[in-house]
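Worksheet: one structure, shown below.
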Amino acid sequence: MNRYLPNLLACVISVVFFSIGAQAGDAERGRIVAEVRCTPCHHLHLESIRIGPGLKGIYNRAPRMSGVPYARWDAAALDAWLKDPRGIKPNTKMAIPPIAEKDRADLIAYFIMETNGANQDKPSQ
Ligand code: HEC
């Protein structure tokens, strides 16, 4: 009977960790998603433009592009933008295939980790 206990515990523990990860977003996984999906057009660690604006410190900073209804790129704004850029700004040049919900959550966790709240108290301009 006891020999099943370790397997059972491992199973319960992995389910718990998976659930926590799914809710909060996995920043390390988000880093990989960003490198694959965003670096063709964006620098991740520079402010300079590649095809789109640099994403350094993107979390909670003001947009560097016109035509979006956000003062800051907070989690909700980033999620909406990444879900459907053309739904937010119909003539945007950011034309990308859809990003899955889990990938968006992980990307946002990564950007939060990278910015580490440093821009939170700065004015939005
Ligand atoms: C095909 C090229 C392309 C890809 C791939 C791409 N973007 Fe963009 N992105 C752009 C362009 C171009 C703009 C500016 C759009 C405009 O001015 O309408 C932009 C703008 C943005 C902005 C607003 C930046 C600011 O300073 O206001 C964010 C945030 C952003 N992209 C995030 C991402 C993320 C995260 C990914 C990866 C999941 C990604 N983009 C993938 C081209 C791309």
Considering only the stretch 77-87, state which residues are among the hydrophobic types (A, V, I, L, M, F, W, C) and either within 9 Å of the ligand (Cβ to nearest atom) or in contact with a His (Cβ under 9 Å, 6 or more places away or on another chain) (or both).
-> Ala77, Leu78, Trp81, Leu82
Taking first residues from the stretch 33-55 that are within 8 Å of the ligand (Cβ to nearest atom) and second residues anywhere that are modelled with pLDDT of 95 or more and not in a loop (DSSP other than H, G, I, E, B), the pairs with Cβ under 7 Å that are 6 or more apart or on different chains are Val33/Asp103; Val33/Asp106; Val33/Leu107; Ala34/Leu107; Ala34/Tyr110
Got at least one residue in the stretch 61-76 being within 13 Å of the ligand (Cβ to nearest atom), modelled with pLDDT of 95 or more and assigned to a helix (DSSP H, G or I)?
-> yes
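The values are calculated or read from the model by the stated rules, or taken from the named source; none is laboratory data. Model, not experiment: these values are computed from the prediction. Neighbour counts are summed over all protein chains in view; Cβ atoms, including those assigned to glycine, are modelled from backbone coordinates with ideal geometry.
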